[in-house]
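Worksheet: one structure, shown below.
Nothing in this text is a laboratory measurement; each read-out follows from the coordinates by a stated rule. Small disclaimer: the values here were computed from a predicted structure and weren't measured. Methodologically, a virtual Cβ is constructed for each residue, glycine included, from the backbone with ideal geometry; neighbour enumeration extends over all protein chains shown.
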Amino acid sequence: MEKTLVRKIKEGDSRSFRLLYDKYVSDLYTFIYRYIKSADITDEIVQDTFIRFWMYRARLDENRSVKSYLFTISYRQMLKEMKRQMKNPLMRDYVEFSESLSIDHRQAYDYDIYVKTIEIAKESLSPRQREIWQMSREDGLSSMEIAEMLSIKEQVVRNQLSAAQRKIKEYLMKYL
């Protein structure tokens, strides 16, 4: 059955591709979401996996496992995304925050919810704290760069950032 599907997919049959997609999409989604914890990013990786599968269909080997091939593609895409995300200061904060939670809460608290909660929590910050926090966490600027841009001392930046982080963490813990 699967060999026939692969053969038809190699020939460009979109119906066979759709059957294969329907067969594996939920398994791939579950696999990726377990690590990524973001529905949006998981959707992108799954979609990209199937796009790559379709683009390179001519290279498919009918005697090899399609499932293994799909999971290998998605795993590589997931690793790329994780590397990219780890450069994002907000993602580093999320990882640190999620590590501070009990194991029961970790699984339920995905990245999308974290980002939405942060947006709400930022409203409780003073305008200066919000500005400094955004420059640090969203723009990835250092304390020194922020101090120079705002014409204030670096220690003031650190103090404001620390107070902002504390307020945001309190909000996250309260509304978890």
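For the chain, a crude dipole built from +1 on the beta carbon of Lys and Arg and -1 on the beta carbon of Asp and Glu, taken about the Cα centre, is about 500 debye to the nearest 20.
What you get for the stretch 89-174, charging only the Cβ of Lys and Arg (+1) and of Asp and Glu (-1), is a dipole of about 340 debye around the Cα centre. Two numbers describe the Cα atoms of the stretch 127-176: Rg and Dmax, which are 11.2, 36 Å. Estimated at 0.36 nm per residue, the fully extended path between S151 and A163 surpasses their Cα-Cα distance by 2.4 nm.
Here the simple spin-label model places points 7 Å from the Cα toward Cβ, and for E44 and S14 these points are separated by 2.6 nm.
The value of relative contact order for the stretch 2-85, using C-alpha pairs under 8 Å at least six residues apart, is 37 percent. Between Y94, Y69, S143, the Cα set farthest toward the positive side of the dipole of the chain (charges on each charged residue's Cβ, about the Cα centre) is that of Y69.
Listed values for the stretch 59-67 are Karplus-derived 3J(HN,Hα) couplings in whole Hz (6.51 cos²θ - 1.76 cosθ + 1.60, θ = phi - 60°), namely 8, 4, 10, 4, 8, 9, 6, 5, 4, and x replaces Gly and Pro.
Counting 0.36 nm for each residue step from L90 to Y56 and taking away their Cα separation leaves a gain of 8.8 nm. Taking the Cα centre of the stretch 2-85 as origin and assigning +1 to Lys and Arg Cβ atoms and -1 to Asp and Glu Cβ atoms, the resulting dipole is close to 260 debye.
For the stretch 1-85, the average shadow cast by the Cα convex hull is 5.2 nm², which is a quarter of the hull's surface.
Over the stretch 89-174, Cα pairs under 8 Å with separation of 6+ residues give a relative contact order of 33 percent.
Panel note: the C-alpha atoms of the chain, placed on their principal axes, show extents of 67, 36, 21 Å (largest first).
Contact order, relative form, for the chain: 19 percent (alpha carbon pairs under 8 Å, 6 or more residues apart, mean separation divided by residue count).
Extent of the stretch 89-174 along its three principal axes (Cα atoms, max minus min coordinate, largest first): 44, 21, 18 Å.
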